[in-house]
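The values are calculated or read from the model by the stated rules, or taken from the named source; none is laboratory data. No experiment lies behind these values; they were computed from the predicted model shown. Positions of Cβ are backbone-derived with ideal geometry, glycine not excepted, and every protein chain shown enters the neighbour counts.
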Amino acid sequence: IPALHQKFDLPAPFVLYTDCPHYWRYHLPGETEEEFSTRLANNLENLILKEVPETIAAFIAEPVIGAGGVILPTTYFEKENYYSLLVQSILKKYDILFIADEVICGFGRLGTMFGCDKYNIKPDLVSLAKVGYVNGVVMVRGRGGRHGMGFEVTISVEYLL
């Protein structure tokens, strides 16, 4: 990833990163999933307080982390996901938008319409992709743009009919 970051001036200096909620890789010895979730939620809140909550526009997260190895949320067998409930309560407390990135797990890929439905996540906004557009509804330029993830190419939207 560092080599990819260099090509696209990443990571952006104005973007904050919190802990990866991958229990099996990052839990402390003897730490339960609930304790792990609480520790990560506390770390998130401390990061928000350190940066001053009013300067944070949004928290963006995937219901299932695709780029990190298709990581399911901690306590993922439970409908009431403890980690996501903690995160959501912290974001509401500081009036920070929660944007769910459903590009990987949206549109039925987890057995529900969206990953947010599967894990009882209530985001303020959702980003979606891979559904296609009805022909003739969106006009695009024939010029693609470079994107910093793998082999993807973005196409600029010219205008909507």
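The table below lists the values:
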read-out: Filter result (more than 20 Å from Val64 (Cα to Cα), modelled with pLDDT of 65 or more and not in a helix (DSSP H, G or I)) within the range 89-148; value: Tyr94, Asp95, Ile96
read-out: Residue that is assigned to a loop (DSSP other than H, G, I, E, B) and surrounded by 13 or more Cβ atoms within 10 Å (Cβ to Cβ), where the choices are Pro11, Pro63, Pro29; value: Pro63
read-out: Meets criteria (of a type in the set (Phe, Trp, Tyr), closer than 28 Å to Val52 by Cα and in contact (Cβ under 8 Å) with a residue 24 or more places away in the chain) for Phe98; value: yes
read-out: Of residues in the range 32-60 being among the hydroxyl-bearing types (Ser, Thr, Tyr) and in a helix (DSSP H, G or I), the one surrounded by the fewest Cβ atoms within 10 Å (Cβ to Cβ); value: Thr55
read-out: Considering residues of the range 118-129 that are buried (at least 17 other Cβ atoms within 10 Å of the Cβ) and more than 9 Å from Asp101 (Cα to Cα) only, the residue farthest from the chain's Cα centre (by Cα); value: Lys118
